[in-house]
Every structure is written in C-alpha cells, then in structure tokens.
Amino acid sequence: MLFQLILNFSEKFWNKIVLKFVKAKKVKKMARKILSLIVFLIIIITSISASAILEIENFFASPVSISAGQVITVRMLVTNTGDAISSSTFASALTVYGTGLVSYVSGPVPASAQLNPGEGIEFTFNYASVSSGIVCYSGYAQGIDESTGNTITSAVVNSNCLNIESPASLSSFLSAIPVNVLTGGVITVIMTVTNNGEAGALNVTPSAINYSGTGSVSIISGPVPVSINLPGGASGSFTWTYSANGAGSISFNGNSSGVDENSGTIVTSMSSASNFVFITIPLTNTPTFTFTPSYTFTSNKTNTPTYTFTPSFTSTFTLTSTRTKTSTPTFTNTQTNTITATFTYTPTSGPTQCGVWVDADGVGQESINISNNSGGSNKPKVFLDNLANPHIVWSDNTSGNYDIYYLKWNGNAWVDADGVGQESIKIIYIIIS
C-alpha cells in the first residue's frame, strides 16, 4: 500500500516535471520503470535504517584508589544511536574480575528506561570494597527495538580498573634517653610512628605527651616536626626535650593520629608508654667536721686527746700535732703525736644509696641468689621491660640436663611467666642422650 502511494505520487510528479519535456512514448515507459526501481530502493533503505542501536559510551568505576571498607560506584552510560525507539533498556549484571574482593550492594539504578533515537541514560551500581587488590568490571546493555520487536544488545565493554588498599593503620612507640639523668639534665623523648596499612596517612600528628612516676620534668621543646605524611608501610618520628626537675623515676606516654588519604577517615594509634628514666640529685654537699681536743698532761707523761667530729663520714686521714707544756717544777716538754682515725659519713640529702649494689627490690642483697638451686646456672641474659623490671633467662642443669629457666621481678619477688610463684620456672626441657 505504501509502495503504491509512493509510486502514484512519483508518477504524477514525473508527468508534470519530467514528461513535460519528454514526449516520446518509449522514453516515458522506460522512465517509469526506472522511477519504480528508485522508489523501491528508497523503501528498502528506509526500512533498514529505521532500527534501534545500543552503544556503551562510558563505563567507569570510582574512586580509582580506595581503602577497604569504602563504597565503589560504577557508572554505565548507554546511548541509542539508531533511528528507532529502544524500549525496556537495561544494564546487565556486572562481571567482577581481579585480585581484590568486593561485594554487591545495589544497582542498576534505574532498573530500565526507554531511549528515543539519540538519547542516553546512565545506570549506576554500588559495591563495597572488602580486601586489597585490583578490581575491574565488564557488562553490556540490552533493550527491545520497537520498529521490529527484536531484542537488541550492545557489545560487552570493560571498565577501568581500580586499586583497593588496606586502610591506613598507625602504631606508636616511645623511648626516652638517657635512662639515668641528674636533676637539671635533659631528657629526649622520641615517638616513632609506623603506618602499617597500604593507604597513605596524611597529616600525622602526635598527641600531647603525658608522664607518670615519682619524678618531675618540664618541657623544653617539641614536637619536632609538628606533622608528617606517611605512605603505606613507612615510619617517621617526633622528638621532644624535657628538663629533669625532681628526683625519682618517670615514664612518658602518648599516641598519634592521621587521615586515611583515600577515605578521609581519621585513624589513631593506641597509646604507648616509654621506658622509665631515673632522675637523681647530684652529690654536691661537702662534708664538714670540727674537732676539739682535750687532754691532760702529768709531768712528762704522754697524754691522749679526744676529738668530736660532725658529721661522720667514711675517710682515713693522719693528724700530726706538736704541743709544748710548761709547769712547776719548771721544765719544757715537746711531743709529736701521730693519730689515725676512721669514721663514716651519711649524707643528709640526695640518694641514700648512691653507688651501692643492691638486689632487685632496691634494698640490701638478701635476694641476690636468683636461681637458688643445687645445679649449675650459667649463660644468663637480662633485659628490662617498660616498667624497669628485670627479666632473666639462663641455662641450668639442676634436672640433670641443661634446660632453659626464666624468672621475672614483679616488684616484690622473682616469679615465673604466669606472675605467681616459681612452679613453671623451667620453660624449655632439653634432653641430651
């Protein structure tokens, strides 16, 4: 019917325009055949071009760098480049590939759409990033060509690939040096911060540093630097200096925080305590003493003087004195005496046992024997924990074999690993056949 209408119109047009100048009957008949062929070809070409065509013009996953736990957004832009309407157009379920792990959350949004010729629509998917690695996506679009009723499908397209990193994770370690310092001296505190994650940590800063113990300090400078950026796996340090003011033991503690460069989340390390620093008062007082000799002479006999010394101190010295006495009957007596005295000095301020060897409890040497058994104990190794309590391991053959023994000082007594008694003092049994 359509063909006939076009043919009739073309014939009338041809008769008015062309055949006005072409009168020959044969030419007119040939021209009509040619015109019919041209109209037929036009109809075929028109019917072929009037179809819907789907193309994916953009397929992108973001953000490109992401920390595990963040949401990934995938966008697929589908366009109808054909001449017919594409109805019920939708994005397929996406195929995920790569070394990373993600979980589906939602999408596509919208579920479907009608696309007129030349129109496009963006479908959106959301995924949760689970573990580190490379992740990529592939998918296609599908719809129904309304001119034919046939299903039309786009080509399968791959998205960009993104990198999932483990989140930034900070740990802090504090140390204080020197371990022994006199009042008025300088203590240096160093905080070493490590980023144990793969994502970078930005603007890492230390907390305020607190201290505890029986001593006292005041800050001189720090922290230096004020902040740092730490790539994944990197470490950096902050430094403070303190003046040692009051005698006693002291420990410093603090933590650090920064921002995950991918997610913008604030990450904070656990608080860490430094080793103990022991502050002592320098021994600057000089002992003073006085003595008042009193003695009695009888004729030419030797007198014995007595002396009073304040305060007492440990020292040995030699005193030489020359005395002359005149009495009745008249005579002159000259004597030279050499006196050797030994006495003890106890300072009235400062450390009470400066330079004295003591056992673990800090008083006396009653606990000097640590192994205290009948076997041979040798090859000891000693270290101090962050509370300055000693731990010791040694080789011991009390059992008949050389085994490894372990004890630690809990502040009151030597105990085994469980902190109570010494029933598990032997930690490794070695049998030599």
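The values are calculated or read from the model by the stated rules, or taken from the named source; none is laboratory data. Everything numeric here is computed off the predicted structure, so don't read it as measured data. Here the Cβ is made from the backbone with ideal geometry for all residues, glycine too, and neighbour counts use every protein chain on show.
Name every residue in region 383-402 that is of a type outside the set (A, V, I, L, M), part of a strand (DSSP E or B) and at pLDDT below 80, in order of residue number.
Of everything in region 383-402, those that are of a type outside the set (A, V, I, L, M), part of a strand (DSSP E or B) and at pLDDT below 80 turn out to be F383, W394.
If you take the residues in region 185-208 that are buried (at least 20 other Cβ atoms within 10 Å of the Cβ) and β-branched (V, I, T), which one is nearest to A244 (Cα to Cα)?
So the first thing to find is which residues in region 185-208 are buried (at least 20 other Cβ atoms within 10 Å of the Cβ), and the list is 187, 189, 191, 193, 195, 197-201, 204, 206.
Then drop every residue that is not β-branched (V, I, T), which leaves 187, 189, 193, 204.
Details: I187: 7, V189: 12, V193: 25, V204: 28 Å.
By that ranking, first place goes to I187.
Those residues that are under 11 Å from the mean Cα position of the chain (by Cα) and part of a loop (DSSP other than H, G, I, E, B), I need them from region 246-267; list them, please.
Result: N255, single match.
Could you please find all residues in region 228-245 being not hydrophobic (A, V, I, L, M, F, W, C) and not in a strand (DSSP E or B)?
Kept after step one, since they are not hydrophobic (A, V, I, L, M, F, W, C), are these residues of region 228-245: 229, 231-233, 235-237, 239, 241-243, 245.
Correct list: P231, G232, G233.
Got a sec? Which of T89, T95, T151 is among the polar types (S, T, N, Q) and either without any contact (Cβ under 8 Å) to a residue 24 or more places away in the chain or touching a Pro at 6+ places or on another chain (Cβ under 6 Å) (or both)? Give the steps one after another, and end with the answer.
On the way: T89 fails: either without any contact (Cβ under 8 Å) to a residue 24 or more places away in the chain or touching a Pro at 6+ places or on another chain (Cβ under 6 Å) (or both); T95 fails: either without any contact (Cβ under 8 Å) to a residue 24 or more places away in the chain or touching a Pro at 6+ places or on another chain (Cβ under 6 Å) (or both).
Residue meeting the stated conditions: T151.
Can we say T241 is at pLDDT 95 or above, surrounded by 14 or more Cβ atoms within 10 Å (Cβ to Cβ) and farther than 30 Å from Q70 by Cβ?
Numbers: at pLDDT 95 or above: yes; surrounded by 14 or more Cβ atoms within 10 Å (Cβ to Cβ): yes; farther than 30 Å from Q70 by Cβ: yes.
Considered against the rule, which asks whether it is at pLDDT 95 or above, surrounded by 14 or more Cβ atoms within 10 Å (Cβ to Cβ) and farther than 30 Å from Q70 by Cβ, T241 comes out as yes.
If you take the residues of region 367-382 that are hydrophobic (A, V, I, L, M, F, W, C) and assigned to a loop (DSSP other than H, G, I, E, B), which of them is modelled with the lowest pLDDT? Outline the logic, then answer.
The first filter runs over region 367-382 and keeps only residues hydrophobic (A, V, I, L, M, F, W, C), leaving 368, 370, 382.
Keeping just the survivors that are assigned to a loop (DSSP other than H, G, I, E, B) gives 368, 370.
Details: I368: 72, I370: 75.
By that ranking, first place goes to I368.
Can you tell which of S67, S129, S138, S106 is under 30 Å from D260 (Cβ atoms), surrounded by fewer than 14 Cβ atoms within 10 Å (Cβ to Cβ) and not charged (D, E, K, R)?
After applying the criteria, what remains is S106.
For region 209-227, give me the residue count where each residue is within 16 Å of M191 (Cα to Cα), touching a Ser or Thr at 6+ places or on another chain (Cβ under 8 Å) and part of a loop (DSSP other than H, G, I, E, B).
2
Residue under question is I190, and the condition is that it be at pLDDT 95 or above, among the β-branched types (V, I, T) and either outside any strand (DSSP E or B) or closer than 24 Å to A168 by Cα (or both); does it hold? Outline the logic, then answer.
Numbers: at pLDDT 95 or above: yes; among the β-branched types (V, I, T): yes; either outside any strand (DSSP E or B) or closer than 24 Å to A168 by Cα (or both): yes.
The answer is yes for I190.
Answer yes or no as to whether A68 is under 40 Å from the mean Cα position of the chain (by Cα), modelled with pLDDT under 95 and closer than 24 Å to S166 by Cα.
Values: under 40 Å from the mean Cα position of the chain (by Cα): yes; modelled with pLDDT under 95: yes; closer than 24 Å to S166 by Cα: yes.
So A68 passes the test.
Residues being more than 13 Å from I190 (Cβ to Cβ) and part of a strand (DSSP E or B): count how many of those fall in region 268-284.
First, pick out the residues of region 268-284 that are more than 13 Å from I190 (Cβ to Cβ): 268-271, 273, 276, 278-284.
If we keep only those that are part of a strand (DSSP E or B) as well, we get 268, 273, 278-280.
Residues flagged as more than 13 Å from I190 (Cβ to Cβ) and part of a strand (DSSP E or B) within region 268-284 amount to 5.
Out of (1) touching a helix residue (DSSP H, G or I) at 6+ places or on another chain (Cβ under 9 Å); (2) closer than 24 Å to E261 by Cβ, the odd one out for S147 is which?
The single condition S147 does not satisfy is (2).
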